[in-house]
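Inspection log for the structure reproduced underneath, given as structure tokens.
Where a number appears in this text, it was derived from the coordinates with a stated rule and is not lab data. In this text the structure is predicted, and so the values were computed from the model without any measurement. So basically every Cβ, Gly included, is an ideal-geometry build from the backbone, and we count neighbours across all protein chains shown.
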Amino acid sequence: MNKLKYWLKALPLGLAIKIRLLRTFKKLIGLPNELYYSQTGEDILIYHLLNEAKEGFYIDVGCHDPIRISNTFSLYLLGWNGINIDADKNVMQKVRKIRKLDINICTAVSDSIKEVTYYRSAETPNVNTISAETHETWKAKWNFNIKDQETITTTTLTNILTEHLAIGKKIDLLTVDVEGHEWEVIKGLDLNLYRPTIIVLECHNLEDFSKSSVYQHLIANEYKLVGFVIMNAYFRNSRTES
């Protein structure tokens, strides 16, 4: 399908035209026309780890924004689609408006169905969390203040996928950035039923991370650590390797 025709279907009209004009301008002045949107180049590495596939399926847990610092928006522009998940209602309103061909779900994800406190930052929704420990860390380290908090009910990633995916659907990418709750998200995913090819987890210290429960769990379930860059660890499903 023609790129502009696809973008007109997948995006709001104004945004589709803006992206088309930007790419045309970059081409005219001799720059590569690829556009990347993640915080520290995650989407570039993801794209190459997935062999520059032009189509595929992703799951973005803690998507935070449909475009800005997104690990999946550049894939969406290529023709990928997937499931975006975030607990913030305002974030998900934006995601539903921009990511018209995705499945967009407003919920918190954990290892079970339970009530938790959801902390909203007054500074940025990127650090909203259901982890009280992480909230206190960010408050002490960065002076982030609470805008408000509420009690919400979590679900598991297995429950979400069982509801929304056909049996046997291939998952090329799972990216998880939920401010200190990554282990619970992974623990709530049945890796015997759903095995993403690549799993990306927020991780700020590789030495500590290599001793963590989530690392040990993924290794035990035949995932191999294939990269660490700045603030993310990258795992590949080793069962698919020849």
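A few points about this structure:
- In degrees, nearest ten, helix 132-142 long axis to first principal axis of the chain (Cα): 70 degrees
- Put in line by how crowded their Cβ is, counting other Cβ atoms within 10 Å and starting with the fewest, Cys63, Cys203, Cys106 read Cys106, Cys203, Cys63.
- Across the range 77-87, rounded Karplus estimates of 3J(HN,Hα) from the backbone phi angles (6.51 cos²θ - 1.76 cosθ + 1.60, θ = phi - 60°) give 5, 6, x, 6, 8, x, 10, 10, 9, 7, 7 Hz, Gly and Pro being marked x.
- Near Ala108, the amide H atoms lying under 5 Å from its own belong to Thr155; only residues 5 or more places off or on other chains count, and H is placed 1.01 Å from N.
- Listed residue (Asn237, Leu101, Pro66) projecting farthest to the positive dipole end of the chain, Cβ model: Leu101
- Lysine pair count for the range 1-133 [Cα-Cα under 18 Å; pairs on different chains or 8 or more apart]: 21
- Residue-wise HN-Hα couplings along the range 2-7, as the Karplus relation 6.51 cos²θ - 1.76 cosθ + 1.60 with θ = phi - 60° gives them from phi, are 3, 4, 5, 4, 5, 4 Hz; Gly and Pro carry x.
- Per-residue HN-Hα couplings for the range 209-223 [Karplus 6.51, -1.76, 1.60; θ = phi - 60°; Hz; x = Gly/Pro]: 4, 5, 9, 7, 5, 5, 4, 4, 5, 5, 4, 5, 9, 6, 10
- With Cα atoms, 0 to 90° folded angle of helix 13-28 axis to the chain main axis: 70 degrees
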